[in-house]
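Just below is one structure, and these are the notes that go with it.
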Amino acid sequence: VQLQASGGGLVRPGGSLRLSCAASGSGPNLDNMEWFRQSPGKQRDLVASISRRGRINYGDSVMGRFTISRDDAKNTVYLEMNNLKPDDTGVYYCHIVVRYYGEVWGQGTQVTVSS
């Protein structure tokens with residue numbers, strides 16, 4: 001199973017980005033799908049998660065600004081990020097639990113929020 005993340009980039013404060021993470025080799029066996037963020041000098045923190053049944057959780061710092069969603073037909077999880085702030089800068093990693101296989105991490109995509 002492999003994950004391919006995309007959608008990062010450089011954006012000004014207040015701007016928006018949409019991250020995608022597509023799983024290959026998993027079949028229809030995706031359970032929890034999550035996005036983590038690792039900012040410079042900090043630990044990797046959970047940003048948002050969505051369960052197979054659609055239960056969603058957000059980190060306090062992104063509540064009301066970020067939206068996580070999934071498309072099981074495409075084996076893809078998305079993170080819509082609005083009103084971005086400089087503190088949102090970091091490498092964003094997708095993390096997926098695959099039934100009968102285990103946990104898989106994506107390679108990370110850089111998001112930089114700067115004027």
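The values are calculated or read from the model by the stated rules, or taken from the named source; none is laboratory data. None of these values were measured; they are calculated from a predicted model. Because the Cβ atoms are built from the backbone with ideal geometry, glycine has one as well, and the counts that use them run over all protein chains shown. Protein only, heavy atoms only, side chains kept; ligands, DNA and RNA dropped before computing areas. Shrake-Rupley method; radii C 1.70, N 1.55, O 1.52, S 1.80 Å.
Based on this model, can you work out whether Lys85 counts as farther than 29 Å from Pro13 by Cβ and either in contact (Cβ under 8 Å) with a residue 24 or more places away in the chain or in contact with a Gly (Cβ under 6 Å, 6 or more places away or on another chain) (or both)?
Taking the combined requirement at face value, the residue does not satisfy it.
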Go through segment 26-50 and count every residue that is at pLDDT below 95 and of a type in the set (A, V, I, L, M, F, W, C). 1
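Looking only at segment 94-103, count every residue that is among the aromatic types (Phe, Trp, Tyr) and either buried (at least 21 other Cβ atoms within 10 Å of the Cβ) or touching a helix residue (DSSP H, G or I) at 6+ places or on another chain (Cβ under 6 Å) (or both) and tell me the total.
Adding up the residues that qualify gives 0.
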Only strands (runs of 3 or more DSSP E) wholly contained in segment 28-115 count here; list those with 2 or more residues that are of a type in the set (Asp, Glu). 30-38
Answer yes if at least one residue in segment 46-62 is farther than 21 Å from Pro13 by Cα and of a type in the set (Asp, Glu), and no otherwise. no
From Met63, Met33, residue being open to solvent by 40 Å² or more (accessible area, probe 1.4 Å) and among the aliphatic types (A, V, I, L, M): Met63
Hits in segment 1-27 (condition: in a strand (DSSP E or B) and either open to solvent by 50 Å² or more (accessible area, probe 1.4 Å) or touching a helix residue (DSSP H, G or I) at 6+ places or on another chain (Cβ under 8 Å) (or both)): Gln2, Gln4, Ser6, Leu10, Arg18, Ser24
Of all residues in segment 66-82 being in contact with an Asp or Glu (Cβ under 9 Å, 6 or more places away or on another chain) and more than 19 Å from Gly108 (Cβ to Cβ), the one that is most open to solvent (accessible area, probe 1.4 Å): Thr67
